[in-house]
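Structure first, commentary second.
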Amino acid sequence: MGVALLGIARGKREDAFDTLRSQLGRETHRDLLRQLIFDGMVSLKDPRAVPVLLDFTRLEYRNEAREAATKALGKLGIADERVETRLVELLRDSWFRVRTAAARSLAKLKAGRAEAAIRDALKDEPMDGVQSAFEGALDELKGAR
């Protein structure tokens, strides 16, 4: 199902976004379907994906969907105030993979507040792997200058 939806998105069908969105309610193991739907939304580069992805970063969703939505926000490439603000908040998320994805997404977007926010979060980050991801995001931002 997910691969079929990804094919619809990559084929740029006129109804692709609505088709993807209509399937978000389906539950699958480790949210694999939602992950593929988010990848499809990224390939469409449709700004209507922003509120959908922002919604799926909330704690009420499973961690795998939240991580995938956070990554997709960076890949989508739409760096508006809502996206940047939410990604900065997610640097302090309860799940380490969401924190890592938030730092990488901020770096991809070259968000204005990214460097200061990542440096600040790095000070309090207890996990070595996440610290490394934060440092990698900071290096990516430095290289973009």
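Quantify how much of the Cα-Cα distance distribution of region 1-51 extends past 18 Å, in percent.
On the way: 231 of 1275 pairs.
Looking at region 1-51, the distances longer than 18 Å represent 18 percent of pairs.
Note the angle between two axes, namely the Cα long axis of helix 81-90 and the longest principal axis of the Cα atoms of the chain, as a number of degrees from 0 to 90, rounded to the nearest 10.
That helix lies at roughly 70 degrees to the long axis.
Leaving out ligands, DNA and RNA, and with a 1.4 Å probe, what % of the accessible surface on the chain is carbon or sulfur?
Working: 3760 of 7390 Å².
Answer for the chain: carbon and sulfur cover 51 percent of the accessible area.
Can you compute 3J(HN,Hα) from phi for each residue in region 43-50, using the Karplus curve 6.51 cos²θ - 1.76 cosθ + 1.60 with θ = phi - 60°, rounded to whole Hz and x for Gly and Pro?
5, 6, 6, 8, x, 5, 6, 4
Can you quote the Å³ per residue value for the convex hull of the Cα atoms in region 29-145, rounded to an integer? List each step's numbers first, then the result.
Working: hull volume 10.7 nm³, N = 117.
Spread over its residues, the Cα hull of region 29-145 gives 92 Å³ apiece.
Enter the accessible area per residue of the chain (Å², integer; probe 1.4 Å; all protein chains in place).
Accessible surface, normalised per residue, equals 51 Å².
Mind checking the dipole of region 1-102: about its Cα centre, +1 per Lys or Arg Cβ, -1 per Asp or Glu Cβ, Debye to the nearest 20?
Taking the Cα centre of region 1-102 as origin, the dipole is about 240 debye.
When Lys and Arg each count +1 and Asp and Glu each count -1, what net charge do the other residues less than 15 Å away from GLU135, Cβ to Cβ, add up to? Each step should come with its number before you reach the end.
Numbers: positive: ARG99, ARG104, ARG119, LYS123, LYS142; negative: GLU115, ASP120, ASP124, GLU125, ASP128, ASP139, GLU140.
Net charge in that neighbourhood comes out at -2.
The values are calculated or read from the model by the stated rules, or taken from the named source; none is laboratory data. What you see is a predicted model; the values in this text were computed from it and never measured. Note that each Cβ is placed from the backbone with ideal geometry, even for glycine, and that neighbours are counted across all protein chains shown. With ligands, DNA and RNA removed, areas are computed over all heavy atoms of the protein, side chains included. Shrake-Rupley method; radii C 1.70, N 1.55, O 1.52, S 1.80 Å.
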